[in-house]
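Have a look at the structure below, then the notes.
What follows draws every value from the coordinates through simple rules; no lab data is involved. Quantities reported herein were computed from a predicted structural model and do not represent experimental measurements. For neighbour counting, all protein chains shown are included, and Cβ atoms are generated from backbone atoms with ideal geometry for every residue, glycine included.
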Amino acid sequence: DEALRGTGISVPKFASYAPALWRYWAQHLDPDRARRDDPAGPLVGKHVIITGASSGIGRAAAIAVAARGATVFALARNAEALDDLIAEIRAAGGDAHAFTCDVTDSAAVEHTVKDILGRFDHVDYLVNNAGRSIRRSVAASTDRLHDYERVMAVNYFGSVRMVLALLPHWRERRFGHVVNVSSAGVQANNPRYSAYIPSKAALDAFAEVVGTETLSDHITFTNIHMPLVRTPMIAPSGRLNPAPAISAEHAAAMVVRALVDKPARIDTPIGTLADVGMYFTPKLARRVLHQLYLGFPDSAAARGITQDRSRPRQAPVRRPKRPSRPMPSVRVPGPVKRAARLLPGLHW
């Protein structure tokens, strides 16, 4: 009443204007809302580039995005694997196109982006998924600077190269969204990943800075702090991986959420817990990480030891199984459950 006093507009009359004002705001001031509320589906008809689409998260994300009606432009170096992916998507009724491209090659990225824009007119979304990981302690890396350079070339400069190639097009269209597949390790600072985690941290910072510059152009970024995912990239570490891994399909669902909702970041409870621990108890957090470092050593390959596969492997000694005991039931109080739901993620 006080706000409307002196304007000659009554509260009921103002309330009658509310639907029209809401529609104007949704269409003109928040264009993303109109896209999210599209009855056909928020990704139907959208054009999405996914790098590193030949396997793992990228492959699963391409299938998931295409299933929701988007046209997928799948980028990777492995042409044969891309052809298999495109055939699978089209067999399911989706629309996808393969582009052989090395994101560390500026000429290849420029040519691929121009080819896509020339043939398909526009690109709405970019998923920077192509990545490289190396698990090796810094003590075993003093003569391997090239490892750091190779990881940074893919994880950071490759993603930046893709964004810079698409930025003029997005500024002209006044719309674009980038999803960076980062890592929960950026929050947890896992030992033995001194090459991999800094490359993802640099990409996080790039997105945060550029996002402040492109906000009025409606070009936005989402950083997904992805937990460990069962992909070929983590296979060399085997049982030395300290955390359970989620499936590639689970990770793809996080990518879809990032495309649809466009949050600034998507975290998981384990990463948030690590963030809080490092902020409030940094000494304790570092001691815990050091024990993790001691408990999960370098693999034989990381230590430069080649296993002799010519000798026959001995059969493992089987120990008698102990009789299984029923797991005790734990009753979780209702307030604890409600508090847990305030932090949605994967591990609750």
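Remarks
- For the stretch 255-275 and the stretch 139-179, distance of Cα centres in Å: 20 Å
- With neighbours defined as other Cβ atoms within 10 Å of a residue's Cβ, the residues Phe73, Phe99 order from fewest to most as Phe99, Phe73.
- For the peptides 244-256, 187-199, the ranking by mean Cβ contacts within 10 Å, running from highest to lowest, is 187-199, 244-256.
- Taking every C-alpha pair closer than 8 Å and separated by at least 6 residues, the mean separation divided by the residue count of the stretch 42-276 gives a relative contact order of 21 percent.
- Sorted peptide list for 102-109, 74-81, 139-146, criterion being average Cβ within 10 angstrom, highest first: 74-81, 102-109, 139-146
- Student exercise, the stretch 137-187 dipole from Lys, Arg, Asp, Glu Cβ charges, in Debye to nearest 20: 340 debye
- Ordering of 157-168, 283-294, 172-183, 51-62 by packing [mean C-beta count within 10 Å, highest first]: 51-62, 172-183, 157-168, 283-294
- As a rough footprinting exposure proxy, the listed residues Lys200, Lys262, Lys114 were ranked by other beta carbons within 10 Å of their own, and the order from fewest upward is Lys114, Lys262, Lys200.
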